[in-house]
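Right, one structure below, let's go through it.
The values are calculated or read from the model by the stated rules, or taken from the named source; none is laboratory data. Since we're looking at a predicted model, the values are computed, not measured. Cβ coordinates were reconstructed from backbone atoms using ideal geometry, including for glycine residues, and neighbour counts include every protein chain displayed. Calculation scope for accessible area: heavy atoms of the full protein, side chains included, ligands and nucleic acids excluded. Shrake-Rupley method; radii C 1.70, N 1.55, O 1.52, S 1.80 Å.
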Amino acid sequence: MKYQKMLEDSLTLIEMIHGIVLTLSPEGKIVTFNSYLEDISGYTSEELRAKNWYDLFVAIDSRESSQANFRNLILKSDDKRLVDKIRTRNKNTLFFEWKFKTINDSDGNVIRVLGVGQDITERINNEGQLLAERSKLIERNKELTCLYGISQMFENTAISFKEALEATVELIPQAFQYPQAAKAKISFDEQIICTPGYERSPKKLSQQIVIGRENRGIVEVVYPLKFSQAPELDFHFLEEEEQLLKAVARHLTLIFEKNEAIEKSRELEAQIRHADRLATIGQLAAGIAHELNNPLGDILGFAQLAAKHPDMPDSVLADIKRIVKCCLY
């Protein structure tokens with residue numbers, strides 16, 4: 001009676017635990033369990049009893065690795081802890097933190113594994129959200145750093161416009177996942193500037209540089225074939241990187257528009273200065289002409305009078321007519 005009471009108290013205590021309490025065979029077959037497992041999994045006690053844990057709760061593609069982790073764990077002599085996920089009957093995924101204790105026979109062989117699992121799904125999800133937010137902040141910081149660096153390059157009056165473009169094309173890959181592998185190219189009108197090692201590749205991301213509804217150039221980032229075919233790395237472009245390249249293209253568009261406006265302003269200033277010089281020359285010529293008109297008028301008048309003299313020799317008359325003609329024209 002005493003032992004029956006102890007057993008009943010133990011079962012009551014197990015049922016009060018807010019978590020999964022079970023025993024498994026070394027192969028993972030479910031031997032005993034509390035009602036919490038039924039509640040959280042959606043399986044009935046009949047469906048759970050004597051079934052293999054991994055057949056019920058682990059996806060086929062993860063089953064082998066999960067079983068291997070369990071076997072390795074129960075052979076250890078230190079604290080047996082494991083974080084693993086289970087798939088419920090309605091295909092929801094839950095994360096559990098497990099603590100295991102092995103039950104051995106007199107020869108030291110494992111005959112049962114006692115496991116207690118706490119649901120940490122909410123914590124995992126929260127951590128995942130924090131990581132996602134952190135990732136977004138990192139990508140945003142990359143974008144801002146890249147755009148700020150580009151602005152600084154073109155505001156630096158100590159370097160030429162072409163030198164600023166060359167520095168910019170080196171800056172762009174630093175904002176991507178794999179900066180050592182990424183290569184960039186900027187083409188604008190007749191100018192084409194690339195980072196060393198740039199080559200055409202199917203792994204590329206590009207944006208047009210549009211000024212006044214006209215495609216004037218392109219900014220492009222690629223992963224060369226020798227990198228994009230590496231099996232150990234997943235060379236793909238993130239959505240944030242696509243947005244970054246759009247922002248870079250817009251930024252370069254504004255810079256090119258500003259540069260063209262400055263060039264046009266300089267051309268206009270040069271034309272104005274040329275027009276001013278022509279106006280000054282015209283005024284000077286008009287002044288000189290005015291100064292010459294008075295004596296020329298006198299010469300013309302006297303020449304015309306002399307030409308009317310009746311006894312003027314023909315040779316002299318011819319010279320006088322030439323003087324009149326030059327004064328008139």
Checklist entry - Looking only at Asn293, Asn69, Asn34, which one moves most when the chain is put into a Gaussian network model with springs between Cα atoms under 10 Å? => result Asn293
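Where the only charges are on Cβ atoms (+1 Lys, Arg; -1 Asp, Glu), what is the dipole of the range 89-234 about its Cα centre, to the nearest 20 debye?
Result for the range 89-234 is approximately 420 debye, rounded to the nearest 20.
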Item to check | Area of His309 that stays accessible when all protein chains are in place (1.4 Å probe, Å², to 10) | outcome: 100 Å²
Checklist entry - Can you give the Rg to Rh ratio for the chain, taking only C-alpha atoms and Rh from Kirkwood? => result 1.56
Checklist outcome for this item: Under 25 Å between C-alpha atoms, the lysine pairs in the range 171-329 lying 8 or more places apart or on different chains count 16
Item to check | For Lys85, solvent-accessible area (1.4 Å; no DNA, RNA or ligand), Å² | outcome: 100 Å²
Checklist outcome for this item: With a 1.4 angstrom probe the carbon and sulfur portion of accessible area for the range 122-227, in percent, totals 50 percent
Next on the checklist: Students sometimes get this wrong: rank Cys327, Cys146, Cys194 by accessible area, probe 1.4 Å, all chains present, largest first.
Outcome noted: Cys194, Cys327, Cys146
Checklist entry - Dividing the alpha-carbon radius of gyration of the range 206-329 by 2.2 N^0.38 Å (N being the number of residues), what value is obtained? => result 2.71
Checklist entry - Can you give the accessible area per residue of the range 222-329, in Å², using a 1.4 Å probe? => result 74 Å²
Checklist outcome for this item: Hydrophobic long helices for the chain, i.e. whole DSSP H runs reaching 30 angstrom or more by Cα along the axis with Kyte-Doolittle mean at least -0.5, come out as 239-307
Item to check | Alpha-carbon centroid distance for the pair the range 65-101 / the range 133-153, whole angstrom | outcome: 40 Å
Checklist entry - Hey, any idea what % of the range 243-329's accessible area is carbon plus sulfur with a 1.4 Å probe? => result 62 percent
Checklist outcome for this item: Per residue, accessible area of the range 39-143 with a 1.4 Å probe, heavy atoms of protein chains only, in Å², comes to 66 Å²
Item to check | Surface accessible to a 1.4 Å probe, Ser135 within the full protein complex, Å² | outcome: 60 Å²
